[in-house]
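What follows draws every value from the coordinates through simple rules; no lab data is involved. The model shown is predicted, which means the values in this text are computed figures rather than measured ones. Please note: Cβ atoms are built from the backbone with ideal geometry, for glycine as well, and neighbour counts cover all protein chains shown.
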Amino acid sequence: MKHRLYYLLLGMLLVLSACRQANPEAPKPLGYFRLDLPERQYSRVDTTLPFTFEQSDRTKLVITQHAHGNCWVDIDYPDLNATLKMTCLTIPSPDSLRNLIYSEEKMVKFHYQKADDVEYSVVRDEDAHLWGQIYDIKGKEVATPFQFWLTDSTRHFVRATLYFNFTPNNDSLQPVIDYLREDALHYINTFEWK
């Protein structure tokens with residue numbers, strides 16, 4: 001009888017031990033919060049800037065004027081902790097435009113070390129005197145996933161870069177990046193020189 005009890009207890013211990021090893025308690029992986037992105041509504045921006053566009057109603061526009069008609073424009077998204085930073089420059093000469101475009105290409109190439117891919121799109125609307133380039137910079141650790149520049153080719157040059165106000169993990173932020181990219185494309189599509 002003792003042997004039966006011994007084998008029964010040993011069998012139960014083996015089963016319990018196997019169950020415990022098959023389903024060990026392990027820490028759960030970090031999760032990311034779900035973000036409900038706001039509905040899109042836009043209204044026309046009319047300021048002292050040499051251009052106008054339709055801005056998201058969820059943003060705050062901050063303009064800082066500088067010498068010679070140059071300025072900085074921040075389109076802040078307080079709910080998303082992000083900013084589309086724009087620099088507006090006057091073009092003193094055709095050579096200056098070439099140098100500004102070259103500088104933009106150089107800044108994008110700086111991201112190649114962290115980027116998985118860089119996609120380029122051309123902006124061309126001859127009726128509106130609007131030309132430019134859009135850069136989608138893909139990669140988990142890319143600091144600025146979206147950039148663009150626009151020009152009228154004679155007087156004005158505008159560059160814009162999307163920044164997050166924290167260290168981004170672009171895998172988890174992809175829905176937010178896509179949302180902000182659509183807003184920026186709307187800004188470009190409604191962009192008009194004054």
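Couple of notes before you dig in:
- Residue exposure sequence - L84, L61 - by fewest surrounding Cβ within 10 Å: L61, L84
- One equal scatterer on each Cα of region 77-128, no solvent, Debye formula: the resulting log10 I(q)/I(0) at q = 0.13, 0.14, 0.21, 0.23 Å⁻¹ is -0.54, -0.63, -1.11, -1.14.
- Residue pairs, from the table K60/K114; K106/K140; K106/K194, whose Cα atoms sit over 25 Å apart: K60/K114; K106/K194
- Our summary gives region 84-194 a relative contact order of 27 percent, counting only alpha carbon pairs under 8 angstrom and 6 or more residues apart.
- Each listed q (0.16, 0.23 Å⁻¹) maps to a log10 I(q)/I(0) for region 45-143 from the Debye sum over equal C-alpha point scatterers, namely -0.97, -1.42.
- Within the shell defined by Cβ-Cβ distances under 13 Å, the residues around Y77 carry a net charge of -1, with Lys and Arg each +1 and Asp and Glu each -1.
- For H129, the shell of other residues with beta-carbons less than 15 Å away shows a net charge of -2, using +1 for Lys and Arg and -1 for Asp and Glu.
- Neighbour-count ranking [beta-carbon atoms within 10 angstrom, fewest first] of L97, L150: L97, L150
- Reachable aspartates and glutamates, given that their alpha-carbon falls under 19 Å from the alpha-carbon of K109 and they are not under 8 places away in the same chain: D117, E119, D136, E141
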